[in-house]
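Working notes, beginning with the structure itself.
The values are calculated or read from the model by the stated rules, or taken from the named source; none is laboratory data. The structure presented is a predicted model; accordingly, all values stated were derived computationally and were not measured. Using ideal geometry, Cβ is built from the backbone for each residue, glycine included, and neighbour counts are taken over all protein chains shown.
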Amino acid sequence: MQRSLAAFTRPLRIAAAVLAALAAGAAQADVTIGISLPLTGPASGLGIPMANYIKLWPKEIAGEKLNVIVLDDATDPTKGVNNARRFVTEDKVDIVMGSAATPVAVAMAPVVSEAKTVQFSFSPAVLPPGADGWMFRLPQGNAVMAHAMIEHMKKQGVKTVGFLGYTDAYGESWLKDFQDQSSLLGGPKIIATERFARSDTSVTAQALKLVSANPDAMLVVASGSGAAMPEKALVERNYKGKIYQTHAAATRDLMRIGGKDVEGTFVVSGPAVIPEQLAADHPSKALATDFVAKYEKVYGAGNRNQFAGHAYDAIVVLEKILPVALKAGKPGTSEFRAAIRSATEAMGRTPVAHGVLNYTKANHWGFTTETGLVLKVVNSDWKVEQ
């Protein structure tokens, strides 16, 4: 009887083992994405809106489940590196995203590149020549946005500029790109340069020096809610010229914290935050409208956010590249990771909420000079400059 029972149950055990193996295989086939964001620290105003939109992501793409792991890097490059190491060694991710803080994204890059895994940076991170073979940027590059800003300055008659920006990679790359683009375009000259740390609570000394230089315009390079403080310092020191902010400041936090001191400010931006003001034939009109509708349905009217828009665009990119990459390999394999890079480099002209992307092997920045818009703060709201 025991022998007969064993003979009967053996096929059941085999069937159970086969089903378990199939289930494990299905789990391994999930597309795993590791995301490092500054959910705390000075750049949390960038990371939190991105995390908010990531919660709205679809559960699967091309029939494959998305397994999304979000970690806080606290705006700290060391924590970002630790997150990247965990993603590529423990979680065996297919894609890394982040950080929204440029210094953190830069620090993560060597770890992700060594693992031969694509990194979609949520910041315009600048790497040494030849070091960005596995990094693609989802935000617009500083050079592209500087192009739009400089053309606007020229129309405004601006000849001289004072620079007040972060001491870190974001600030320094903006300074270099602005100077390079201005030289190419015959734009204004920077006549005074002052810097400050993201964690600084006052820039009084820097503001006094810049105001005394009396440039036609000031370029403030800061991000999120932190962009209001340096501008307020300039206004409080009786600066009367034009003030420009970068695309990292294209958030309502600038107006919420800056109040009347930021009225009239010019902010370069992608089109995602003002779909109502885009022409009907603008390539980003439909996508920007879709982004705003989805985001504000959950988070409230008027809460659209530049940084959340990049998280929306990430899905637009994934929906285009993952079906292609899946033809070359299964999730969790080196073949699949390599195919993701190849598919991204070959995806062609792709409208997103923030403009038009066209990555190539030689260009991992994607956006073209048609992308940038200049917004003006009018009555605590955005108005597109023509």
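Before moving on, here are some points about what is shown:
- Qualifying residue in region 114-132 (condition: modelled with pLDDT of 95 or more, part of a helix (DSSP H, G or I) and farther than 30 Å from GLU385 by Cα): yes
- Enumeration of residues in region 330-374 that are aliphatic (A, V, I, L, M), in contact with a Gly (Cβ under 8 Å, 6 or more places away or on another chain), within 23 Å of GLU276 (Cβ to Cβ) and outside any loop (DSSP other than H, G, I, E, B): LEU357, LEU373
- The number of residues in region 162-205 that are among the hydrophobic types (A, V, I, L, M, F, W, C) and either surrounded by fewer than 14 Cβ atoms within 10 Å (Cβ to Cβ) or more than 20 Å from GLN140 (Cβ to Cβ) (or both) comes to 9.
- The condition (being acidic (Asp, Glu) and under 23 Å from PRO38 (Cα atoms)) is satisfied by just one residue among ASP200, ASP177, ASP216: ASP200.
- Single residue of region 217-270 satisfying the filter (among the β-branched types (Val, Ile, Thr) and outside any helix (DSSP H, G or I)) that is surrounded by the fewest Cβ atoms within 10 Å (Cβ to Cβ): ILE243
- Residue in region 102-114 that is surrounded by fewer than 24 Cβ atoms within 10 Å (Cβ to Cβ), of a type in the set (Val, Ile, Thr) and closer than 19 Å to PHE336 by Cα present: yes
- Subset of region 28-87 that is of a type in the set (Lys, Arg) and not in a helix (DSSP H, G or I) - its residue that is nearest to ALA107 (Cα to Cα): LYS55
- Conditions (1) modelled with pLDDT under 95; (2) part of a loop (DSSP other than H, G, I, E, B); (3) out of contact with any Lys or Arg (no Cβ under 9 Å at 6 or more places or on another chain); number of the one not met by VAL144: (2)
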